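Participant: Mind looking over this structure? Questions follow.
The values are calculated or read from the model by the stated rules, or taken from the named source; none is laboratory data. Quick caveat: nothing in here was measured; it's all calculated off a predicted structure. In this analysis, Cβ positions are derived from the backbone assuming ideal geometry, glycine residues included, and neighbour counts consider all displayed protein chains. SASA here: full protein model, heavy atoms, side chains in, ligands and nucleic acids out. Shrake-Rupley method; radii C 1.70, N 1.55, O 1.52, S 1.80 Å.
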Amino acid sequence: MTDTSDNTANTMWGGRFAAGPDAIMTAINASIEFDQRLYPQDIRGSRAHAAMLAAQGIISPSDEKAIGEGLLTVLSEIESGEFTFSVALEDIHMNVESRLKEIIGEPAGRLHTARSRNDQVATDFRLWVRDRCDIVIECLEAVIRAALSQAEQGADWVMPGFTHLQTAQPVTWGHHMMAYVEMFGRDKSRFEDARKRMNESPLGAAALAGTSFPIDRHATAAALGFDRPMANSLDAVSDRDFALEFLSSAAICAVHLSRLAEELVIWSSAQFRFVTLSDRFSTGSSIMPQKKNPDAAELIRAKIGRILGATVALFVVMKGLPLAYSKDMQEDKEQVFDAADNLVLALAAMSGMLTDLTANRDKLEAAAGSGFSTATDLADWLVRAAGLPFRDAHHVTGTLVAMAEKKGIDLPELTLAEMQSVNPTITQEIYSVLGVHNSVASRQSYGGTAPDQVRAQIARWKEKLA
């Protein structure tokens, strides 16, 4: 719970200010309403800092023991819901330190030795974003595995491939699913790369210039799982590129989720019926009993708006700030918190949808040959077998498509005589390439839609995930 009562003075500012801020200043200045979720990282960082101070002889072992045990008590109170957060204390750091002082008394005042709230918040936030990278990576793996399962099941199921949402060429269901495996795989690698870059510790940079105390920044970095301390104290407290990179990766990932969600919305419609969504991820209508609405997919599709908005907001906050810390940077967290929460939720919903999804093989195959989808195969045959330049073959094929369209039939239904009236080099062999199964089987180039190629890519991804 949060206590919104004001205090007449805030002791963390020391003797510089005779009176405390009024209610408006308190409201705009306080961040505890949202940064309280940093409590695990704040307490973890403080315990590592206290342990280092004791190891360096800066505080006594007894003070370090009291601080460490007191912080665990604070952690327990927060996790049990017994802790009261105070708006008057502004943020999570001062709320924790104030309660620590109530628990252990005078030793609590030594915790902040050789540390500033500037490096403290930078450390807490970096730890939080790093933790969310791990969660997002795990969620992405779940989505990839679900898409792989769909691909494996339908590695040789034919369906129409689209450009401009118009039938283009036949592909396989497995090939289409593997396209998203590749996209989400790149998303996963972006978060992994971002995690590597952000895994440096700001702790010990103090306010901006470092500290005169003989601290061991390598020890606190190691204790918190960082690869190393950040090499410049100004940079350590003043940049939020790690959060920007997280948000940028999140926005790209959300775009991929939105594209797949859009296809699920279209494919589950009565006009397509390519897929059937499970009841777990659909809703009904309040007045139309026949409706089964793809609400989960639609909500996933909408998440990009929030996530992209958060990305733009933080870029705008950071774009004009001089070194080192400015209070503007308090506005760095709410956007990241919201984007991370919504990305994780969208990924979880998508993995669930894909796991439960039923692809309707008969509907997919029936649609695969529509819209003259094997026209390119006809043109390719004219190049290979009849020796026509591709541009000439393209023209012949276009003429045959127009002929079939006028008759209201598909290409394979044209007679050989009708085809030869356009180009006499066409033989009976042409019908062997006009079937959709023959079409997809012929696409044997690396990364193509041929079932053998699809299965090879599935095997490659299974090995990567293993």
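Participant: Could you list all residues from the range 403-413 that are free of Cβ contacts under 8 Å to residues at least 24 places away in the same chain and either closer than 19 Å to Ala368 by Cα or not in a helix (DSSP H, G or I) (or both)?
Facilitator: Taking the range 403-413 as the starting set, the residues that turn out to be free of Cβ contacts under 8 Å to residues at least 24 places away in the same chain are 403, 406-409, 413.
Answer for the range 403-413, where residues must be free of Cβ contacts under 8 Å to residues at least 24 places away in the same chain and either closer than 19 Å to Ala368 by Cα or not in a helix (DSSP H, G or I) (or both): Gly408, Ile409, Glu413.
Participant: On the basis of being of a type in the set (A, V, I, L, M, F, W, C) and surrounded by fewer than 19 Cβ atoms within 10 Å (Cβ to Cβ), does Leu299 make the cut?
Facilitator: In short, yes.
For every residue, the table says whether it meets (1) surrounded by fewer than 18 Cβ atoms within 10 Å (Cβ to Cβ); (2) of a type in the set (Val, Ile, Thr); (3) in the same structural domain as Ala209 (by the TED database).
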residue	(1), (2), (3)
Ser282	no, no, yes
Thr311	no, yes, yes
Leu314	no, no, yes
Lys327	yes, no, yes
Ala348	yes, no, yes
Thr355	yes, yes, yes
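Participant: Can we say Ala393 is surrounded by 19 or more Cβ atoms within 10 Å (Cβ to Cβ), farther than 12 Å from Pro170 by Cβ and either assigned by the TED database to the domain that holds Val440 or among the hydroxyl-bearing types (Ser, Thr, Tyr) (or both)?
Facilitator: The answer is yes for Ala393.
Participant: Kindly indicate which of Ala168, Ala142, Ala151 is open to solvent by less than 60 Å² (accessible area, probe 1.4 Å) and at pLDDT below 95.
Facilitator: On the way: Ala142 fails: at pLDDT below 95; Ala151 fails: at pLDDT below 95.
Matching residue, one of Ala168, Ala142, Ala151: Ala168.
Participant: Working carefully through the options Ser212, Ser248, find the one that is assigned by the TED database to the domain that holds Ala302, open to solvent by 10 Å² or more (accessible area, probe 1.4 Å) and assigned to a helix (DSSP H, G or I).
Facilitator: The unique qualifying residue is Ser248.
Participant: Going through the range 362-376 one residue at a time, which ones are part of a helix (DSSP H, G or I) and either open to solvent by less than 10 Å² (accessible area, probe 1.4 Å) or more than 18 Å from Gln169 (Cα to Cα) (or both)?
Facilitator: Listed by number, the residues that qualify are Leu364, Ala368.
Participant: Scan the helices (runs of 4 or more DSSP H) fully inside the range 21-83 and keep the ones with 2 or more residues being within 27 Å of His218 (Cα to Cα) and within 35 Å of the chain's Cα centre (by Cα).
Facilitator: 39-55, 61-80
Participant: When only residues in the range 86-95 that are surrounded by fewer than 22 Cβ atoms within 10 Å (Cβ to Cβ) and not in a helix (DSSP H, G or I) count, which is modelled with the highest pLDDT?
Facilitator: Among them, the one singled out is Ser86.
Participant: If the Cβ limit is 7 Å and pairs must be 6+ apart or interchain, which residue in the range 453-466 that is over 14 Å from Gln153 (Cα atoms) pairs with which residue that is assigned to a helix (DSSP H, G or I) and not hydrophobic (A, V, I, L, M, F, W, C)?
Facilitator: What qualifies is Leu465/Glu141; Leu465/Arg145.
Participant: Taking the condition of being part of a helix (DSSP H, G or I) and surrounded by 22 or more Cβ atoms within 10 Å (Cβ to Cβ), how many residues in the range 109-126 meet it?
Facilitator: 8
Participant: Counting just the residues of the range 147-179 that are part of a loop (DSSP other than H, G, I, E, B) and of a type in the set (A, V, I, L, M), which one comes out farthest from Arg259 (Cα to Cα)?
Facilitator: Ala155
Participant: Looking at (1) touching a helix residue (DSSP H, G or I) at 6+ places or on another chain (Cβ under 8 Å); (2) open to solvent by 60 Å² or more (accessible area, probe 1.4 Å); (3) over 30 Å from Phe242 (Cβ atoms), which is the only condition Ala359 fails?
Facilitator: (2)
Participant: How do the pairs read when you match residues in the range 229-249 that are among the β-branched types (Val, Ile, Thr) with residues anywhere that are open to solvent by 20 Å² or more (accessible area, probe 1.4 Å), using Cβ under 6 Å and keeping only pairs 6 or more apart or on different chains?
Facilitator: Matching pairs, first to second residue: Val237/Asn118; Val237/Leu208; Val237/Tyr325.
Participant: Can you tell me which residue within the range 414-439, out of those that are in contact (Cβ under 8 Å) with a residue 40 or more places away in the chain, in a helix (DSSP H, G or I) and over 46 Å from the mean Cα position of the chain (by Cα), is surrounded by the fewest Cβ atoms within 10 Å (Cβ to Cβ)?
Facilitator: Glu429
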